[in-house]
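> Sending over a structure as structure tokens; questions will come in a sec.
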Amino acid sequence: MLFSLDKTDKAKVGFTATKKIGNAVIRNRAKRRLRALFVKYSPKLKHHSFVFVAKLATVQVSSQQLEKDFVKVLSRLKSMEKTDV
């Protein structure tokens, strides 16, 4: 779902969805959902270049599950800044 490239001076992001997941409406919906999560979590992200690849499950799962998976992947990549909670 996500690739993280070398550190840069500023966070960069790209979103992609192939025709395998559906027509243009479904592909755009998948990218919008990923983009919304990126905007929500971008203040907590380290400066990397990110490439999000939408899969079929991106449009099939609930928003809560997608957000949970999104945070899990970023945490696994150690791309999230640690916050004082």
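> If each residue of separation counts as 0.36 nm, what is the full-extension length gain between ALA24 and GLN60 once their alpha-carbon separation is subtracted?
Net length gain for the segment: 11.4 nm.
> With charges only on Cβ, +1 for K and R and -1 for D and E, what is the dipole size of region 2-76 about its Cα centre, in debye, rounded to 20?
Here the size comes out at about 140 debye.
> Now, a different point. May I ask you to give the average projected area over all directions of the convex hull of the Cα atoms of region 2-76, in nm² rounded to one decimal?
Here the figure is 4.8 nm², rounded to one decimal.
> Counting other beta carbons within 10 Å of each Cβ, put ASP9, ASP69 in order, fewest first.
Neighbour counts put them in this order, fewest first: ASP9, ASP69.
Throughout, read-outs are computed from the coordinates displayed, never taken from laboratory work. Not measured: the values here are computed from a predicted model. Quick reminder, even Gly has a Cβ in these numbers, built from the backbone with ideal geometry, and neighbours come from all protein chains shown.
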